[in-house]
Amino acid sequence: MNPANAPSKPSAGPDVIVVGGGPGGYVAAIRAAQLGKKVVVVERAHLGGICANWGCIPTKALLHSAELFASLKKGAHLGIVADGLRFDFGAAIASSRKVAEGQKRGVGLLFKKNQIEHIDKTATLRREGGKLKLLVDGSELSAPHIILAVGAKPKTIPSLVPDGKNVLTYFEAMNLPSQPKSLLVVGAGAIGIEFAYFYNAIGTQVTVLEALPQILPVEDSEIAEQLRRELTKQGIRIHVGARFASCEPVGSEQKVRFTDANGQSQEVVVEKVLSAVGVTGNLDTVGAQSAGIKIDRGFLAVDEWYRLLDANGKPEPGFYAIGDCIGGPLLAHKASAEGIACVEKLAGVPDREIRRVDLSSMPGATFCRPEVGSMGLTEQKARAEGKQIKVGKFPFKASGKAQATGETEGLVKVVLDEQTGEILGAHILGGTASDMISALCIARSGELTATEVLHTVLPHPTYGEITKGAFEAAFGEAIDL
Ligand code: NAD
């Protein structure tokens, strides 16, 4: 019998304790239960974590409202005349909160189904007599395996301290009592860009400041530059290479000073400011800083099997950490995948059967319009690593489907190994990029090369054909270009 499927020995205590009920923790808990373990989850705030309650899911609800609104506004040429169209901000927020509530309840139901106990409290780490312990309400809660999945929280810069009212983090930005007339976003990562898109699409005047030379700095430069142009066309004022200087209240507004890419000082007066300058590990709530464990640049240090490391870099027996709290990329799906791999290892699944996590091809997505979806090496990174590559690109505007839907902005770009045709990276701007990238993730994980893609017939007319067009273009064989 596979040891992973062996029933656990009857015992009073749990086999596995998971701290944190986000996409890392709740998925780890359910996988452990599937593998026959008795599981307890300690989650102090909300099942489903930031993703379900204050992140991925409610923002996707808001973005959907904004997209629909923007589409209807420009729908007249498609025969949709929406006279008197207006955006009801309160209703959109209420709907997104309802979606988040549903998600939270859903995780609770999954716990019931899998007989997972939820303790609605805060767990903290403490070292006593050299031994690391987990405490809840001052008493030790012990198990052979304790997984920390405590997530991340917004980072701040000293000159821009969120007050929750005028200077916001993403928490407040998705739950404001009324729509601001103007908003300045500091930071053009996924959070900054998604909120900039949302508020601009519903009529707020939006300015974005990004310190680096491109928006979405982790993305391929060509994709980021095309997105910058599209968002600028939509009305967002974007300053890249901008140095944020200060923010001070002027009456009910905020005066923001910054230095632009040309070294010129600029000033903008806005109603609200959103700080979206990144996130850091949520270590203080669990008392990680004083528990004698290794912390690496704000994140918990672990080994290849997610075993927590002590201050000397040695595995801490019985303790593990996964997800955002161990560092980037800080993505819900990465946290879930790590939770599964960690639990499979501790449950005794043979190494070759464990669903290991390949960070090099972890997909990413930014849900503005046009959307971004990507996986693997950017062209710039592949060249910097000295790889011999072939790059293929196909624009959406050359696709019949894109012409029909009017979604003609963007492109698919593939980065291939010149010799073998290995898919090193894929980058999509436009259409349903966040879904389209999945096919390329499967192709890469199945070790398919450009040859197999070229030998596959895809349905017409679809956005999927654009992906194949990019592979054809890499070999100078694109039909529709
Ligand atoms: P981020 O680290 O991705 O981006 C922060 C940006 O702020 C960077 O581009 C950085 O250069 C910029 N910045 C930092 N200091 C600045 C300053 N003083 N002035 C101007 N710009 C400055 O962080 P994020 O966007 O806050 O997102 C946090 C995490 O959550 C990321 O890891 C992100 O991938 C993840 N996330 C993902 C999604 C998604 O997948 N759609 C959505 C939301 C969040």
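Counting just the residues of region 325-369 that are open to solvent by 40 Å² or more (accessible area, probe 1.4 Å) and closer than 18 Å to residue 52 by Cβ, which one comes out farthest from the ligand (Cβ to nearest atom)?
Looking at residues that are open to solvent by 40 Å² or more (accessible area, probe 1.4 Å) and closer than 18 Å to residue 52 by Cβ, I get 333.
From the list 160, 125, which one is within 16 Å of the ligand (Cβ to nearest atom) and not assigned by TED's automatic domain parsing to the domain that holds residue 207?
160
Would you mention how many residues in region 263-314 are open to solvent by 60 Å² or more (accessible area, probe 1.4 Å) and touching a Phe, Trp or Tyr at 6+ places or on another chain (Cβ under 9 Å)?
4
Return the pairs, sorted by first residue and then second, in which the second residue is among the hydrophobic types (A, V, I, L, M, F, W, C) and at pLDDT below 95, the first residue lies in region 44-58 and is part of a loop (DSSP other than H, G, I, E, B), the beta carbons are less than 8 Å apart, and the residues are 6+ apart or on different chains.
Short answer, once both residue conditions are applied: 46/52.
Out of the residues in region 315-324 that are in contact with a strand residue (DSSP E or B) (Cβ under 7 Å, 6 or more places away or on another chain) and within 16 Å of the ligand (Cβ to nearest atom), state the one that is least open to solvent (accessible area, probe 1.4 Å).
322
Does residue 303 satisfy the criteria of being modelled with pLDDT of 95 or more, within 16 Å of the ligand (Cβ to nearest atom), under 24 Å from the mean Cα position of the chain (by Cα) and more than 22 Å from residue 444 (Cα to Cα)?
The answer is no for residue 303.
Could you list, in sequence order, all residues of region 90-142 that are among the charged types (D, E, K, R) and in a strand (DSSP E or B)?
Result: 117, 126, 127, 128, 131, 133, 140.
Say whether the condition of being acidic (Asp, Glu) and over 25 Å from residue 474 (Cβ atoms) is met by at least one residue in region 402-424.
Looking for residues that are acidic (Asp, Glu) and over 25 Å from residue 474 (Cβ atoms), one finds none in region 402-424, hence no.
Residue 166: surrounded by 15 or more Cβ atoms within 10 Å (Cβ to Cβ), more than 19 Å from residue 20 (Cα to Cα), more than 21 Å from the chain's Cα centre (by Cα) and of a type in the set (S, T, N, Q), yes or no?
When the stated conditions are applied, residue 166 passes them.
Of the residues 458, 429, 377, 481, which is open to solvent by 60 Å² or more (accessible area, probe 1.4 Å), in contact with a Gly (Cβ under 6 Å, 6 or more places away or on another chain) and on the phi < 0 side of the Ramachandran plot?
458
Quick one: in region 242-262, which of the residues that are buried (at least 16 other Cβ atoms within 10 Å of the Cβ) and closer than 17 Å to residue 217 by Cβ is farthest from the ligand (Cβ to nearest atom)?
Per the criteria, the residue is 242.
The values are calculated or read from the model by the stated rules, or taken from the named source; none is laboratory data. What you see is a predicted model; the values in this text were computed from it and never measured. A quick note on method: Cβ atoms are made from the backbone with ideal geometry, for glycine too, and the neighbour counts reach across all protein chains shown. SASA here: full protein model, heavy atoms, side chains in, ligands and nucleic acids out. Shrake-Rupley method; radii C 1.70, N 1.55, O 1.52, S 1.80 Å.
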